[in-house]
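For reference, the structure discussed in these notes is given below.
The values are calculated or read from the model by the stated rules, or taken from the named source; none is laboratory data. Model, not experiment: these values are computed from the prediction. Note: ideal-geometry Cβ built from the backbone for every residue, glycine included; neighbour counts use all protein chains shown.
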Amino acid sequence: MAQPAGLLYSKEHEWVKVEGDVGTVGITDYAQNSLGDIVYVELPRVGQGVKQFASIGVVESVKAVSDLFAPIGGEVLEINTALEADPALVNRDAFGAGWLYKVKLSDPKERDGLLAPGDYDALVAEGAH
Amino acid sequence: MVPFGGFEMPVQYGGILREHEAVRHRAGIFDLSHMGQFELRGASVPAWADSLTVNSVGTMKPFQARYNIFTNELGGCLDDVLFYRLPDRFLLVVNAGNAPKMWAYLNGSTALHPDLSLTNGHGSRALIAVQGPRALEIVAPLCDCDVAALKYYYCVEGRVDGAPALIARTGYTGEDGFELFLEGADAPRIWRTLLERGRDAGLEAAGLGARDMLRLEAGMPLYGFEIDEDISPLAGGQGWAVKTNKPEFVGKAALLEQVAHDGYDRIAALVLEGRAPARTGYPVLLNGERIGAVRSASIAPSLDGKNVATALVRKDAAAVGTTLGIEIRGTVHAARVVPLPFYKRS
């Protein structure tokens, strides 16, 4: 499946959409599909600083707890509060309404450590994690 | 697919929550062919089985099914099982993971009963369960006998879609339903036929994930979680099945002592207050002191999506109404002890 263009991807199956110095972060459709029914999302706090690739929360499906890693570093500006009542939004619309949080980038050059859509496609095709 | 008891088992087909919803409101079909099916023959089966288990086998009526537990000398659970009494034999259904252990144990305990003949159907026999409020209307048209007249926890020998079957009104979901014990060779065709015929009634294939969620809501123990070799039937909440008025059976003395002292850690049912799910192994606290750990946990769609759990806790923490804490990633979340089952069909 082709990944949405305009986003950057981590090897841990997060995506980030960078607009100016703000990044919107989520998990990929591949990730939500692998996890199955998502029942709980634990996000960083607004104002919290997150380091690129650090573990900053969890996404829990019925059967498993998965760490959430920050695809890019910065200060958390906003979290998707709709997920508190309806975490399955991540299943239904991983690249849209199921976004997780927004971050003010600390270093735009960190984007170089992420994958372009085609490279992430290749990663998923390998079934690598 | 996951490896489970030597079988490749589906955790889910269309999604665990969707499968759960189908079973509670319409019907789900489960492939449980991984379960061990042993046939027990001989006049002394009831006396022999009664000497190894906590519940009564000898008092079972023909075609009755009964839950039972094999215990060790310390009162721990070797396995929890179902006996089905037939005119010429008993069918004993054991957990997949325990099937090799139980087969060896049973064969090692027959010395005093030379008339016994045991047959191991694990791997050659199949088991298909259809569970849910619409199970009857899906299963009945394929059967050559009156399954509507079958009482809960009874069985009948007949044919399903022409194939010989033991048809039982049993299950492990908290819903009405049937379990069809079949020859392995007949099972794929019957699976497909049931799925096809059940489509209009909303039948869905369901996997181990939904089954675990359904059984937990219904307060049914799962071997390795609520009971195991270190957790007795009493501690595991299955004291109702322990018939202490039976003559001698393996583990009876230990269980009587547990009853007398009543100091053992035991399974408590918990409803969590927050949205964070508990997981097996998470610490359980009473007034800040660690007094146990979570054994099973799940979101419970039948309880408005609340998180529920079972935990093995100190006796003084197990009383219904007690507020305990569950430590989830370093934070303590409140949970209330409630009576089992979490869910009862109306």
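Out of curiosity, is B:L127 among the aliphatic types (A, V, I, L, M) and farther than 26 Å from B:A210 by Cβ? Judged against the criteria, B:L127 is not a match.
Only one of these is touching a helix residue (DSSP H, G or I) at 6+ places or on another chain (Cβ under 6 Å), more than 22 Å from B:G281 (Cβ to Cβ) and within 14 Å of chain A (Cβ to nearest Cβ): B:A201, B:A206. Name it. Of the residues listed, the single one that is touching a helix residue (DSSP H, G or I) at 6+ places or on another chain (Cβ under 6 Å), more than 22 Å from B:G281 (Cβ to Cβ) and within 14 Å of chain A (Cβ to nearest Cβ) is B:A206. Considering only residues in the stretch A:1-11 that are of a type outside the set (S, T, N, Q) and at pLDDT below 95, the one that is surrounded by the most Cβ atoms within 10 Å (Cβ to Cβ) turns out to be A:P4. For the stretch A:85-99, the set of residues classified as surrounded by fewer than 19 Cβ atoms within 10 Å (Cβ to Cβ), farther than 17 Å from A:W15 by Cβ and out of contact with any Leu (no Cβ under 9 Å at 6 or more places or on another chain) consists of A:A85, A:D86, listed by residue number. Annotation: of all residues in the stretch B:298-309 being crowded, with 17+ Cβ neighbours inside 10 Å and more than 11 Å from B:V271 (Cβ to Cβ), the one that is nearest to the other protein chains (Cβ to nearest Cβ) is B:I299. Counting residues in the stretch B:127-141 that are under 15 Å from the mean Cα position of the chain (by Cα) and basic (K, R) gives zero. Among the criteria (1) within 22 Å of B:L127 (Cβ to Cβ); (2) at pLDDT below 95, the one B:P247 does not fulfil is (1).
When B:T244, B:T280 are checked against the criterion of being part of a loop (DSSP other than H, G, I, E, B), among the polar types (S, T, N, Q) and within 14 Å of chain A (Cβ to nearest Cβ), B:T280 stands alone in meeting it. Among the residues of the stretch B:1-30, those that are surrounded by fewer than 21 Cβ atoms within 10 Å (Cβ to Cβ), more than 14 Å from chain A (Cβ to nearest Cβ) and either under 17 Å from B:I299 (Cβ atoms) or not small (G, A, S) (or both) comprise B:P3, B:F7, B:E8, B:H25, B:R26.
One line per residue, one yes/no per condition, for (1) under 26 Å from B:S346 (Cβ atoms); (2) assigned to a strand (DSSP E or B); (3) out of contact with any Pro (no Cβ under 6 Å at 6 or more places or on another chain); (4) among the hydrophobic types (A, V, I, L, M, F, W, C):
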residue	(1), (2), (3), (4)
B:P3	no, yes, yes, no
B:V11	no, no, yes, yes
B:R18	yes, no, yes, no
B:E21	yes, no, yes, no
B:R24	yes, no, yes, no
B:F30	yes, yes, yes, yes
B:Q37	no, yes, yes, no
B:A43	no, no, yes, yes
B:A47	no, no, yes, yes
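Restricted to the stretch A:1-109, the set of helices (runs of 4 or more DSSP H) holding at least 2 residues that are touching a residue at least 24 places away in the same chain (Cβ under 8 Å) and more than 14 Å from every other protein chain (Cβ to nearest Cβ) comprises A:29-35. Any chance the stretch B:52-64 includes a residue that's in a strand (DSSP E or B) and either in contact (Cβ under 8 Å) with a residue 40 or more places away in the chain or within 14 Å of another protein chain (Cβ to nearest Cβ) (or both)? Checked the stretch B:52-64: at least one residue is in a strand (DSSP E or B) and either in contact (Cβ under 8 Å) with a residue 40 or more places away in the chain or within 14 Å of another protein chain (Cβ to nearest Cβ) (or both).
Residues are listed down the side, and each one gets a yes or a no for (1) out of contact with any Lys or Arg (no Cβ under 7 Å at 6 or more places or on another chain); (2) in contact (Cβ under 8 Å) with a residue 60 or more places away in the chain; (3) closer than 30 Å to A:V41 by Cβ:
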residue	(1), (2), (3)
B:A254	yes, yes, no
B:Q258	yes, yes, no
B:P283	no, no, yes
B:P301	yes, yes, yes
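Being away from chain A (no Cβ under 14 Å) and within 24 Å of B:D79 (Cβ to Cβ) holds for only one residue in B:A319, B:A268, and it is B:A268. Just one of the listed residues (B:R290, B:R336, B:R295) is at pLDDT 95 or above, away from chain A (no Cβ under 14 Å) and crowded, with 17+ Cβ neighbours inside 10 Å, namely B:R295. Between B:L127, B:L92, the distinction of being part of a strand (DSSP E or B), in contact with an Asp or Glu (Cβ under 7 Å, 6 or more places away or on another chain) and either within 30 Å of B:P188 (Cβ to Cβ) or not assigned by TED's automatic domain parsing to the domain that holds B:T170 (or both) belongs to B:L127 only.
For beta carbons closer than 6 Å, sequence separation of 6+ or different chains, a first residue in the stretch B:113-124 that is exposed (fewer than 13 other Cβ atoms within 10 Å of the Cβ) and a second that is polar (S, T, N, Q) and part of a loop (DSSP other than H, G, I, E, B), the qualifying pairs are B:D115/B:S44.
Considering every residue within the stretch B:151-167, establish whether at least one is closer than 29 Å to B:T280 by Cβ and in a strand (DSSP E or B). Looking through the stretch B:151-167, none of the residues is closer than 29 Å to B:T280 by Cβ and in a strand (DSSP E or B).
For the residues B:V81, B:V45, B:V57, the requirement of being within 16 Å of the chain's Cα centre (by Cα) and at pLDDT 95 or above singles out B:V81.
Answer yes or no as to whether B:H34 is surrounded by 17 or more Cβ atoms within 10 Å (Cβ to Cβ) and more than 14 Å from chain A (Cβ to nearest Cβ). Yes, satisfied.
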